[in-house]
Amino acid sequence: MIPHSVSEVLDDALAERPDDTAVVTRSGATSYRDLDDLVNSTAAALVDAGLQPGDRVAACLPNDLDIVVHFHAVMRLGAIWAGLSAHLVADELVNLIRSCQPKILLLDEATAARLEGPLREAGSRARVIVICSGSAGTAWHEEVAAHRGSARPPSPDPRRPAGIAYTSGTVGSPKGIVHSQANLLLPGAAIVASRRYDSQLRKGDFLPLTILNLIVLTTLLTAQAKGTSYLYDGTDARGMATWIKRHRLSAWNAVPPVLYTMAHDDSIAADSMESLDDIWSGGAACPEEIRAAFRAKFGKDIHMTYGQTEAPSAVAITPRGERAPAGSSGKVLPHVVIEVRDPVSGDLLSAGEEGEICVAADPAGPFAGRYRPMLGLWGALDTVPADESLHTDDLGRVDEDGTLFVTGRRSQMIIRGGANIYPSEVEATILAMPAVQECVVIGVADVRLGERVAAVVQRAAGGAVEGREIREFCSSRLAHHKVPEYVEFVDDFPRNAMGKVVRTMVPSLIPARPERLSG
């Protein structure tokens with residue numbers, strides 16, 4: 001049974017096992033009873049801070065108890081949550097803040113310090129609440145403690161806007177996907193049902209919960225199983241291996257670069273993964289080389305996933321205990337169907353035929369008709385018909401048994417280590433350099449990260465610029481993962497009759513083994 005709203009997602013566990021552990025972070029273990037109390041007192045404190053239904057709360061916080069508590073509190077008040085990645089530079093963060101116009105900004109100390117000047121210059125009116133995770137003595141924690149014992153607010157309308165997921169930090173026009181509480185709950189319910197999760201679930205995650213999809217796959221999933229969510233704040237594979245073994249995790253959500261390191265780092269013991277019976281890989285395609293190396297070392301298969309921010313989250317995953325066929329991205333989850341359509345005509349294709357991957361509600365089964373598309377883009381809500389399919393821009397096929405194979409992308413988006421990078425943003429940054437006339441940014445295949453960012457540059461007449469200068473220029477203006485690691489210079493680009501660059505020919509301009517820049 002899917003909860004009516006996120007406000008009620010803890011209720012079954014509260015009724016049946018209130019003293020069981022709901023979440024474990026670096027701050028310690030928190031029971032369902034204590035989590036519920038913290039959420040209610042935090043919601044009351046946010047109301048006193050001026051938050052009302054429909055207001056936005058933007059958060060840039062580490063993977064610790066506070067981000068879980070504040071997300072649930074914002075949902076209980078019917079406000080709208082927007083996560084901000086700590087990897088973005090100050091200008092990118094301020095641009096997103098301008099976009100969603102939050103009433104309240106929840107920031108850790110480091111982010112608050114680097115945004116103080118830029119926010120003042122931008123004229124932001126948001127109340128900044130600085131949260132020192134794990135510290136009970138901060139001013140905000142004292143405000144929350146003063147509201148201890150507060151009652152739960154009435155449940156909000158689960159179909160109203162609840163979360164904004166930014167898919168890019170593009171300067172000037174960030175793309176904010178808006179979802180309802182109902183849609184945020186649905187993937188967790190479908191995964192719990194299809195994988196037969198229960199209160200024994202001990203699911204570990206390390207990707208930042210500032211990504212809305214990660215909240216869907218952590219606290220909103222584990223609560224519906226009445227299990228425990230374990231959060232790790234970091235990306236170091238060695239520390240993560242120790243963490244997995246110490247907590248005897250049963251499920252773990254990873255990305256190809258970490259799986260690669262796990263498999264190839266001799267200091268990580270083969271028994272580190274012993275407790276796991278469900279290992280996911282998401283964010284980008286996981287090469288067969290990584291899967292084979294991981295299986296050889298740990299004796300564990302990696303279950304493949306496929307999802308979209310617009311969905312939200314996972315729509316396909318390899319069934320638990322099965323080995324994913326080479327090149328597959330799992331089987332379709334029971335709340336949706338994947339329609340493969342001709343990219344030009346839009347006609348529905350048969351099983352096994354390749355076309356654009358589209359996601360729609362499953363008309364039958366336990367979740368019949370429950371799925372709805374995103375509510376729209378922030379600033380253009382309620383523009384998507386409730387019965388419309390989600391066009392993903394990805395190409396692939398679905399076999400007769402429901403196995404999904406993703407074969408490419410209609411757009412040129414680069415996926416580096418699970419992070420989405422839009423070439424146009426990087427190109428605009430490089431073109432701001434006076435010595436550059438033309439630039440095309442593409443992804444170069446990489447076995448560990450999936451893709452790395454490469455820039456092909458045509459210098460301006462008389463311009464003198466080198467690859468390391470371009471990298472340094474980008475580093476001061478873009479998040480680290482967006483900075484080109486390869487720079488190739490050309491005299492000119494292949495162009496069509498209109499003088500436009502033929503992008504499909506650009507990869508041939510990069511050597512088979514380009515020299516990667518560092519620093």
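No lab work stands behind these numbers, since they all come straight from the coordinates. Since we're looking at a predicted model, the values are computed, not measured. Please note: Cβ atoms are built from the backbone with ideal geometry, for glycine as well, and neighbour counts cover all protein chains shown.
Structure data summary
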| item | result |
| --- | --- |
| Percent RCO, i.e. relative contact order, over the chain, from Cα pairs under 8 Å lying at least 6 residues apart | 11 |
| Positive-end extreme of charge dipole, the chain - chosen from V9, F71, P158 (charges on Cβ) | F71 |
| Hits among aspartates and glutamates - C-alpha to C-alpha of K300 under 19 Å, sequence gap 8 or more where chains match | D205, D265, D266, D271, E274, D277, D278, E288, E289, E322 |
| Cα-based shape type of segment 414-509, given that a ≥ b ≥ c are square roots of the gyration tensor eigenvalues and the cut on a/c is 1.5 | oblate |
| Note, ³J(HN,Hα) from phi for segment 411-424, Karplus 6.51, -1.76, 1.60, rounded to Hz, x at Gly and Pro | 8, 9, 4, 9, 10, 10, x, x, 9, 7, 10, 9, x, 4 |
| Rounded to 5, percent antiparallel among DSSP beta bridges of the chain | 60 |
| Cross-link pairs K103/K203; K175/K226; K103/K175 - those with Cα-Cα distance over 30 Å | K103/K203; K175/K226 |
| Cβ-placed point charges (K, R +1; D, E -1), dipole of segment 414-509 about Cα centre in debye, nearest 20 | 220 |
| Percentage relative contact order, segment 414-509, counting C-alpha pairs under 8 Å, at least six apart | 26 |
| Cα centroid separation, segment 103-132 to segment 374-441 (Å) | 30 |
| Most positive-pole-ward Cα, P484, C60, V440, against dipole of the chain from beta carbon charges | C60 |
| Tilt relative to the chain, helix 90-100 - C-alpha long axis, 0 to 90 degrees, to 10 | 60 |
| Extent along principal axes [Cα atoms of segment 358-453; Å; largest to smallest] | 59, 37, 18 |
| Descending semi-axes in Å of segment 400-467, equivalent ellipsoid built from Cα gyration tensor | 32, 11, 9 |
| Bridge type composition, segment 53-177 - antiparallel percent by DSSP, nearest 5 | 10 |
| Total charge dipole magnitude, the chain, about the Cα centre, Cβ charges on Lys, Arg, Asp, Glu only, Debye to nearest 20 | 380 |
| Segment 460-470 - phi-based ³J(HN,Hα) in whole Hz, Karplus 6.51/-1.76/1.60, Gly and Pro as x | 5, 4, x, x, 10, 8, 10, x, 5, 5, 5 |
| Relative contact order, percent, segment 96-242 [alpha-carbon distance under 8 Å, six or more residues apart] | 16 |
| Global form of segment 17-115, assessed from the alpha-carbon gyration tensor, a/c cut-off 1.5 | oblate |
| Under the Karplus curve 6.51 cos²θ - 1.76 cosθ + 1.60, θ = phi - 60°, whole-Hz ³J(HN,Hα) for segment 289-297, x wherever Gly or Pro sits | 4, 5, 4, 5, 5, 5, 5, 5, 7 |
| Trypsin sites (Lys or Arg not before Pro) restricted to segment 423-503 and DSSP loop, no more than 11 other C-beta within 10 Å | K500 |
